[in-house]
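A.B. asks: One structure, pasted below without further comment.
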Amino acid sequence: MNWKQAFSTSIGKKLQMSLTGLFLILFLVVHCYINAQIFWNDGGKKFEEAAHFMGTNFIIRTVEIGLTFFLLLHIFQGLNLWLRNRSKRSVRYAVSAGSETSAWYRRSMGILGSLLLIFLVIHTSKFWIPNRASQIAGNGELPLYEMMKHEFQYLWVVVIYVLGCITLAWHLVHGFWSSFQTLGLTTHRYKGIINAIGVAFAIIVPAIFALMPIAFHLGWIS
Amino acid sequence: MEHYNMNLTLKVWKQKNNKDKGRFETYKVKDISSEMSFLEMFDVLNEQLIAEGKEPVAFDHDCREGICGMCSMHIDGRAHGPWHETTTCQLHMRQYKDGDTIVVEPWRANAFPVIKDLVTDRTSFDRIIQAGGYISVNTGNAVDANSLPIEKQKADEAFAAAACIGCGACAAACPNASAMLFVSAKVSHLALLPQGDPERKMRAMNMVNQMDKEGFGSCTNIGACEAECPKGISLENIARLNREYLGAVFSGSSNE
């Protein structure tokens, strides 16, 4: 038994990506459910209630620390794998197969992930970081619903958010299936259903997220 | 299909040895028959080079019937050329037409260093096999064929995995230069059978450790290996290797 080996070999590093990735997928479900409360169109009442619970509940806040850690580990290990794998072929092919042998998004997880990281920096600096900073400073929670309403008036913000959601969708099409493959769960019997759920998830969740800034911008929600 | 002859331009990788930087050389070949295999076309080229007093192109080949895994050319960006589940020796010139230009490179991965021109050193695969691709059997007379009952489905899966010829196309085609399809085929073929059971956990761990040591990359489940494998080894084997490896590590096998 060697715990270090479990996470440090080439498969071990992938195991880290897989487990943190699945945790982030669970986070997306919760995040999407909470934010979708805006679609009640009740002036943000239900949304603010849910956001207040998420922002103040002790257990949720503790899990949030884990989430931050797993997200950073996913980013660090992802970039590490990307660089490490690139170093395994010092002399590159003059002609490469490209999409003849594999789909572009399966080859581009590093780039898609880096774009998502840029989006996350923009996104958290608009909502999550100011909100927590205000709480820590003792000024209480910020009016997130009003902030969304304000931010999504600007077309360029909406465009960045929609692009972020499209990037997320492609990242998930590969990432969802890939995390189960790394855990060895994509057997002959289950691989079809895992892939189908993965593709459905990768379309539905980012689509719901993308609808939020669009709905605010077009005044569907007031 | 009608037979025809063609003239071709070849851009072939020439490299003196492991230390040499290497470069592409352009050659012209004439009157190549559509009935020739790709390697026979290279034989014609080498005959021509010898007649001209030039050095022929070094390339690997052995059985020339698609079963040994020796031929290893990367043709126009594709391991073993553009045909599905085909080795280079079974790629035939009817794929090409008169006037085509074909780019031929060696397998490129740090774990497959170039020995000369298109010949690469694939002994890293041998060392991975030595690390765990074996079973313990008692010597003596061969046992009765049916003394060990094996389910038909498992026997078929093991056989499909055992079809791997160790050619290295998976690692050559993988954007990460990962050898996971090869290792997974070898682990699968033994893990599915009772004969492979005694070393099962050790095998998965030791072969993965050796694979890392040889300088292959990590699998990111891209699937180019499966698309290029001349023997149609499935990605399901990689899932099985992951299962075998994680099972071995977390259930506490010794690492010898």
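Values quoted throughout were computed directly from the atomic coordinates according to the rules given, and no laboratory measurement underlies them. Here the structure is a predicted model, which is why all the values come from computation and not from measurement. Neighbour counts run over all protein chains shown; Cβ positions are idealised from the backbone, glycine included.
A.B. asks: Answer yes or no: is there a residue in the stretch B:235-250 that is in a loop (DSSP other than H, G, I, E, B), within 27 Å of A:LEU79 (Cα to Cα) and within 11 Å of another protein chain (Cβ to nearest Cβ). Please lay out each step first, then the result.
C.D. replies: Within the stretch B:235-250, the subset in a loop (DSSP other than H, G, I, E, B) is B:235.
Remaining after also requiring within 27 Å of A:LEU79 (Cα to Cα): B:235.
In the following step, the residues that additionally are within 11 Å of another protein chain (Cβ to nearest Cβ) were identified as B:235.
Scanning the stretch B:235-250 turns up at least one residue that is in a loop (DSSP other than H, G, I, E, B), within 27 Å of A:LEU79 (Cα to Cα) and within 11 Å of another protein chain (Cβ to nearest Cβ).
A.B. asks: Taking the stretch A:187-207, which residues are within 24 Å of A:PHE39 (Cβ to Cβ) and buried (at least 16 other Cβ atoms within 10 Å of the Cβ)?
C.D. replies: A:PHE201, A:ALA202, A:VAL205, A:PRO206, listed by residue number.
A.B. asks: (1) within 11 Å of chain B (Cβ to nearest Cβ); (2) of a type in the set (Val, Ile, Thr); (3) farther than 25 Å from A:GLY113 by Cα: which one isn't true of A:ILE60, the others all being true?
C.D. replies: That leaves (1) as the condition not met.
A.B. asks: Please go through (1) surrounded by fewer than 24 Cβ atoms within 10 Å (Cβ to Cβ); (2) facing another protein chain (nearest Cβ under 10 Å); (3) touching an Asp or Glu at 6+ places or on another chain (Cβ under 7 Å); (4) small (Gly, Ala, Ser) for B:ALA204 and return the number of the only condition it doesn't satisfy.
C.D. replies: (1)
A.B. asks: Cβ-Cβ distance below 7 Å, separation of 6 or more or different chains: which pairs start in the stretch A:64-77 with a residue that is assigned to a helix (DSSP H, G or I) and end on one that is of a type in the set (Val, Ile, Thr)?
C.D. replies: Every condition considered, the pairs that remain are A:PHE70/A:THR20; A:LEU73/A:THR20; A:HIS74/A:THR20.
A.B. asks: Looking at the stretch A:194-217 only, could you name the residues that are of a type in the set (A, V, I, L, M) and within 14 Å of chain B (Cβ to nearest Cβ)?
C.D. replies: Within the stretch A:194-217, A:ILE194 is the sole residue that qualifies.
A.B. asks: Which condition does B:VAL104 not pass, out of (1) within 17 Å of B:VAL44 (Cα to Cα); (2) touching a Gly at 6+ places or on another chain (Cβ under 8 Å); (3) among the β-branched types (Val, Ile, Thr), if it passes all the others?
C.D. replies: Going through (1) within 17 Å of B:VAL44 (Cα to Cα); (2) touching a Gly at 6+ places or on another chain (Cβ under 8 Å); (3) among the β-branched types (Val, Ile, Thr) one by one, B:VAL104 breaks only (2).
A.B. asks: Moving on to the next point. Would you confirm, using the coordinates I've provided, whether A:LEU172 is closer than 30 Å to A:GLY43 by Cβ and surrounded by 14 or more Cβ atoms within 10 Å (Cβ to Cβ)?
C.D. replies: no
A.B. asks: Within the stretch B:19-41, can one find any residue that is within 14 Å of chain A (Cβ to nearest Cβ), closer than 29 Å to A:SER102 by Cβ and touching a residue at least 40 places away in the same chain (Cβ under 8 Å)?
C.D. replies: So far as the stretch B:19-41 goes, yes, one or more of its residues are within 14 Å of chain A (Cβ to nearest Cβ), closer than 29 Å to A:SER102 by Cβ and touching a residue at least 40 places away in the same chain (Cβ under 8 Å).
A.B. asks: Please go through the stretch B:135-162 and give me each residue that is touching a helix residue (DSSP H, G or I) at 6+ places or on another chain (Cβ under 8 Å) and assigned to a loop (DSSP other than H, G, I, E, B), ordered by number.
C.D. replies: B:ILE135, B:VAL137, B:LEU148, B:ILE150
A.B. asks: Just give me the residues in the stretch A:99-130 being of a type in the set (Val, Ile, Thr) and within 13 Å of the chain's Cα centre (by Cα), in sequence order. So that I can check it myself, show each step before the final result.
C.D. replies: To start, the set of residues in the stretch A:99-130 that are of a type in the set (Val, Ile, Thr) comprises A:101, A:111, A:118, A:121-122, A:124, A:129.
Passing the criteria: A:ILE118, A:VAL121, A:THR124.
A.B. asks: Which ones in the stretch B:82-112 are more than 10 Å from every other protein chain (Cβ to nearest Cβ), surrounded by fewer than 23 Cβ atoms within 10 Å (Cβ to Cβ) and within 20 Å of B:ALA179 (Cα to Cα)?
C.D. replies: B:HIS84, B:GLU85, B:THR86
A.B. asks: Please go through the stretch B:76-134 and give me each residue that is part of a strand (DSSP E or B) and over 18 Å from B:CYS170 (Cβ atoms), ordered by number.
C.D. replies: Across the stretch B:76-134, the qualifying residues are B:HIS92, B:THR101, B:ILE102, B:VAL103, B:VAL104, B:VAL114, B:ILE115, B:LYS116, B:VAL119.
A.B. asks: Somewhere in the stretch B:210-233, is a residue facing chain A (nearest Cβ under 7 Å), in contact (Cβ under 8 Å) with a residue 60 or more places away in the chain, part of a helix (DSSP H, G or I) and of a type outside the set (A, V, I, L, M)?
C.D. replies: Within the stretch B:210-233 (the criterion being facing chain A (nearest Cβ under 7 Å), in contact (Cβ under 8 Å) with a residue 60 or more places away in the chain, part of a helix (DSSP H, G or I) and of a type outside the set (A, V, I, L, M)), the answer is yes, since at least one residue qualifies.
A.B. asks: Looking at the stretch A:99-113 only, could you name the residues that are within 20 Å of B:ARG108 (Cβ to Cβ), at the interface with chain B (Cβ under 7 Å from one of its Cβ atoms) and not charged (D, E, K, R)?
C.D. replies: Listed by number, the residues that qualify are A:THR101, A:SER102.
A.B. asks: Being part of a helix (DSSP H, G or I), of a type in the set (Lys, Arg), surrounded by 15 or more Cβ atoms within 10 Å (Cβ to Cβ) and touching a His at 6+ places or on another chain (Cβ under 6 Å) is the requirement here; does A:ARG106 meet it?
C.D. replies: Yes.
A.B. asks: Would you check if there is a residue in the stretch A:49-59 being part of a helix (DSSP H, G or I) and touching a Leu at 6+ places or on another chain (Cβ under 8 Å)? Show your work before the answer.
C.D. replies: Filtering the stretch A:49-59 down to residues part of a helix (DSSP H, G or I) leaves A:49-56, A:58-59.
Keeping just the survivors that are touching a Leu at 6+ places or on another chain (Cβ under 8 Å) gives A:51.
Checked against the condition, which is being part of a helix (DSSP H, G or I) and touching a Leu at 6+ places or on another chain (Cβ under 8 Å), the stretch A:49-59 yields at least one hit.
A.B. asks: Across the stretch B:128-138, what is the number of residues that are loosely packed, with under 10 Cβ neighbours inside 10 Å and farther than 14 Å from B:GLN195 by Cβ?
C.D. replies: 0
A.B. asks: Another question, then. Taking the stretch A:3-16 as the search range and keeping residues that are closer than 9 Å to A:THR182 by Cα and either within 22 Å of the chain's Cα centre (by Cα) or more than 7 Å from chain B (Cβ to nearest Cβ) (or both), which one is surrounded by the most Cβ atoms within 10 Å (Cβ to Cβ)?
C.D. replies: Looking only at the stretch A:3-16, we keep the residues that are closer than 9 Å to A:THR182 by Cα, and these are A:11, A:14-15.
Those still in the list that are either within 22 Å of the chain's Cα centre (by Cα) or more than 7 Å from chain B (Cβ to nearest Cβ) (or both) too: A:14-15.
On the way: A:LYS14: 25, A:LEU15: 23.
Across the stretch A:3-16, the extreme among qualifying residues is A:LYS14.
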